[in-house]
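What follows is calculated from the coordinates using simple rules that are stated; it is not laboratory data. The structure presented is a predicted model; accordingly, all values stated were derived computationally and were not measured. Here the Cβ positions follow ideal geometry from the backbone for every residue, glycine too, while neighbour counts run over all protein chains shown.
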Amino acid sequence: MVAGFGAGKTHAAVYRAIARKLQYPAQNVAYYLPTYDLVRNIGFPRFAELLDGLGIQHKINKTDADVVIGPGGGWGRVIFRTMDTPERIIGYEVADSLVDELDTLPTEKAREVWNKIISRNRQKKPDGSLNTVAVATTPEGFRFVYERWQKNPAPGYRIIKATTESNAKNLPDGYIQSLRDSYPANLLAAYLDGEFVNLTSGSVYPEFDRGKHASTEAIQAGDTLHIGMDFNVQRMAAVVFVLRGGKPHAVQEYTDVLDTPAMIALLKARHEGHSIMVYPDASGKNRKSNSASESDIALLKQARFQVCVNPVNPAVKDRVLAVNQLLARDGLGVNLDRCPMFVEALEKQSYDKNGEPDKSAGLDHINDAGGYFIAYRFPIRKPGISGQRELRGFV
C-alpha cells in the first residue's frame, strides 16, 4: 500500500497483522518499523488500541519487543523489529510480516532489509496457504518500493495506491489544506497523492536567497543566544541565532570543532555573560564525546546551558521543510559576513541519488545545526489524526 499522509496506511498494516494473527493463532507475525522509537511510540500504542477495541487479551513486552496475544498468551506473538539494524533480523520465524515505511530507507539498505525479512517468513501454515509480506509506506522518490512493485514487479507483487483525499471524511478539518500550504508541488504529489515522483534533483534549500535574507544583525549585550548544534567528532558545527521581534537571525557560526567539551569551552569563552539555549541533535543523548562517560547532551546540561531537545529528531524532510517554509516567508535573516559557511551550505547543498540531503560535500553539518534550532522553534505543524478515525476509514 503506497499512500499519502493520513490515508490510513499504518492502521491498515496493523489491522492486517492482527487479522493474520487471528487467522493462524499458532503462527507468529512480524511487524517492522524504521526505528525503535517508532516501535515504542507508534507500534505498541496502535496495536494496543485495536486489540482493546476488539476485546482481545494481550500483553506488551517492551523488553523483548513483542505483543503476546490471547488468553495466557496462547495465541502467540507479534514480533517487532527495526530496520535500522538489519543484522538483528535473525533468530526467529514467522508466517506473515508487515513492513511500515520501508521506502524511508535508502534503496540498497531497503533491499537488504527486504531480503532478510522474506527469509524469516517460513513458518508453515496449517492450511498450506502462502506466507505473505505486506508493505505500507509513503512514496519517497524512485527507491526500492518503486523498483520492486512498480517498475519490475515479480509474480505475486501487488501494489495498492491511496490518496489522502480518499480518507478526507476521517481527517481533521483543515488537515489537507495544511499539507497544501506547507509542501511544494512535487512533494504534494508524493505526500498527498501517493505518487512516485522525482525528489532527487535540485537544491535542498531552494528558498534561500542571499540578497533577500541578508541581515546586519549581530550579538548585542544582554541577548539570549539560541544555538543549533550538530554532533560530529572533529566536525562539530553550531549556528548562533538571536531573535529580533520574534524573527531569528543567524549571527555567528562555528565549524570543525573537535568535540563537545571543546565546543562548550569555545562558547563559554566567546559568549561570557550571555544566556545560552542549545538546540542539539537529539541523538547526542546516546553518543559519547571524546570517550567521556557522559553523553553529549548531558555535557551541555552540566555546562549549565539550557538544552531544548525533543525525544527524537524530526524527520529530515520535516526539518528541511521547516527551514524552507521560514525562508519563503522571509522569516529568517543570515549575517553573510559572520556566517559564510552557513550561507554556502544553504546555497549549495543538493539531494543525493537516494533523495536525501547530500553528505559527501561536507555541507550537511552546518545546515543540520541550523535546522535543529529552526525545526524546534518554528516546526512544520501537522494536525493530529485520531487513530480510531483513520481505522474506520480503512475498514
Charge context of Leu38, other residues only, Cβ under 13 angstrom, K/R +1, D/E -1: -1
Distant-in-sequence amide H partners of Arg244 (H built 1.01 Å from N, under 5 Å): His249
Whichever aspartates and glutamates have a C-alpha closer than 14 Å to that of Lys59, once near sequence neighbours (fewer than 8 apart) are set aside: Glu49
Ranked by how many other beta carbons lie within 10 Å on average, peptides 32-42, 47-57 from highest: 32-42, 47-57
Calculated FRET efficiency for the pair Ile90/Arg210, C-beta based, R₀ 51 Å, to 0.05: 0.50
Sequence-distant aspartates and glutamates (8 or more away, or on other chains) whose Cα lies within less than 16 Å of Lys212: Asp330, Asp337, Glu344, Glu347
Two-site label geometry, Asn61 and Gln306: point separation in nm, points 7 Å out along Cα→Cβ: 4.5 nm
Crossing angle, helix 9-23 versus the chain [Cα axis fit, 0-90 degrees, rounded to tens]: 30 degrees
Contact order normalised by residue count of the chain, Cα under 8 Å, 6+ apart, percent: 18 percent
Extension gain (nm, one decimal) between Val233 and Arg329, 0.36 nm per residue minus Cα-Cα: 31.1 nm
Centre separation in Å (Cα based) which lies between the range 144-219 and the range 39-66: 30 Å
FRET E, pair Ala315, Asp337, Förster distance 25 Å, beta-carbon r, rounded to 0.05: 0.15
Long-range HN-HN contacts of Asn28 with modeled amide H, under 5 Å: Ala95
Separation in nanometres of the label points that stand 7 Å from Cα toward Cβ, at Asp173 and Thr35: 3.5 nm
Between 0 and 90°, nearest 10: helix 107-120 axis offset from the chain longest Cα axis: 30 degrees
Correct choice for Rg and Dmax of the Cα atoms in Å that was computed from the model, options (i) 20.4, 67; (ii) 22.0, 75; (iii) 23.1, 76: (iii)
Cβ-placed point charges (K, R +1; D, E -1), dipole of the chain about Cα centre in debye, nearest 20: 1160 debye
Dipole of the chain, positive end: most advanced residue of Met236, Tyr92, Gly76 [Cβ charges, Cα centre]: Gly76
Mean Cβ neighbour count within 10 Å, used as a protection proxy, ranking 13-19, 147-153, 230-236 highest first: 13-19, 230-236, 147-153
Nonlocal amide H pairs with Met83, under 5 Å, H built at 1.01 Å: Leu33, Thr35
Cα-centre dipole for the range 2-198 with unit charges at Cβ (Lys and Arg positive, Asp and Glu negative), debye to 20: 660 debye
Listed pairs Lys317/Lys348; Lys169/Lys353; Lys161/Lys353 exceeding 27 Å between Cα atoms: Lys169/Lys353
Reachable lysines from Lys124, criterion Cα separation under 23 angstrom, eight or more residues apart if same chain: Lys21, Lys116
Degrees, to the nearest 10: 364-377 long Cα axis against longest axis of the chain: 80 degrees
Estimated [θ] at 222 nm from DSSP helical runs (n ≥ 4, -39500 (n - 2.57)) normalised by residues in the chain, nearest 500: -9000 deg cm²/dmol
Net length gained if the chain between Tyr157 and His271 were fully extended (0.36 nm per residue, minus Cα distance): 35.1 nm
